[in-house]
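Written below as structure tokens is the structure these notes are about.
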Amino acid sequence: MSGATLVGEVSTAPPKPALPPDLDQESREWLHDLRAGGGVREAAVARLHALLLKGARFEVSRRRTTHPHVRGDDYDDLAQQAADDALVSVLRRLDDFRGASRFTTWAYKFALLEAAVKLRKRAWQGREIPLEDDAWSSLSAEGMEPAALAEQGELVATLKEAIDSILTEHQRRVLVALAIDGVPIDVLADRLDTTRGALYKTLHDARRKLRAHLEASGLAPDAMLEETD
């Protein structure tokens, strides 16, 4: 078929999302350039990566004292990785930007988050994650009065029995790792080949089951069952 193209066969690009009406000019320019083609977009992506790298380096430097195991060139390597991953996330989520803050502020947060995640993962690199309930001693209550200690012991014993009996194996492993052993959720997601969202859902369901069991037993739910995440 030559010449005219049938109307039904014309392929059109999806319309660009409408910009928030009160968006500042700088943010408008960022979005325009990042959605453009050719050299305009390439230059904007390079500027964005430089901004994200600055944010990642700031966050890595800020956390140095709490991560003494990371030394030398590791810091810059982690910042580079964080900036690269943040760039991918920002470009993938451009349509999610609603203009509640400047574009650069919104994008900067991706770099801070990725840097924090990278540092937590590096802290646990090569370390075995305890996925069994061998951390119950951490729930002991030294210095308590005898009556309070007995009550705490009853609560812990009931809680441990409930964890063993009413939770699924996966719920038990996730609860113990996150709530008792203090494993960072992004590290556990990596090790279990799942997502943070899936782990939050598992943890929520496990806590709900345990809270109901403890209340039915006439005991106050332990602090580890509070929804603090």
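The values are calculated or read from the model by the stated rules, or taken from the named source; none is laboratory data. Here the structure is a predicted model, which means the values were calculated and not measured. Glycine also receives a Cβ, built like all others from the backbone with ideal geometry; neighbour counts cover every protein chain displayed.
Some observations on this one:
- Count of the stretch 161-188 residues which are in a helix (DSSP H, G or I), without any contact (Cβ under 8 Å) to a residue 60 or more places away in the chain and β-branched (Val, Ile, Thr): 6
- Residues in the stretch 80-111 that are at pLDDT below 90 and not charged (D, E, K, R) were compared, and the one that is farthest from residue 23 (Cα to Cα) is 100.
- The test for being more than 21 Å from residue 114 (Cβ to Cβ), charged (D, E, K, R), at pLDDT below 95 and not in a loop (DSSP other than H, G, I, E, B) does not hold for residue 57.
- Within the stretch 37-56, tally of residues that are surrounded by 15 or more Cβ atoms within 10 Å (Cβ to Cβ), small (Gly, Ala, Ser) and without any contact (Cβ under 8 Å) to a residue 24 or more places away in the chain: 1
- Of all the residues in the stretch 94-121, those that are among the hydroxyl-bearing types (Ser, Thr, Tyr) and buried (at least 19 other Cβ atoms within 10 Å of the Cβ) number 1.
- Restricting the stretch 189-210 to residues that are touching a residue at least 12 places away in the same chain (Cβ under 8 Å) and charged (D, E, K, R), the residue that is surrounded by the most Cβ atoms within 10 Å (Cβ to Cβ) is 207.
- Complete set of residues in the stretch 86-118 that are touching a Ser or Thr at 6+ places or on another chain (Cβ under 6 Å) and not basic (Lys, Arg): 103, 110
- Residues in the stretch 64-71 include none that are at pLDDT 85 or above, in a helix (DSSP H, G or I), among the hydroxyl-bearing types (Ser, Thr, Tyr) and under 22 Å from residue 196 (Cβ atoms).
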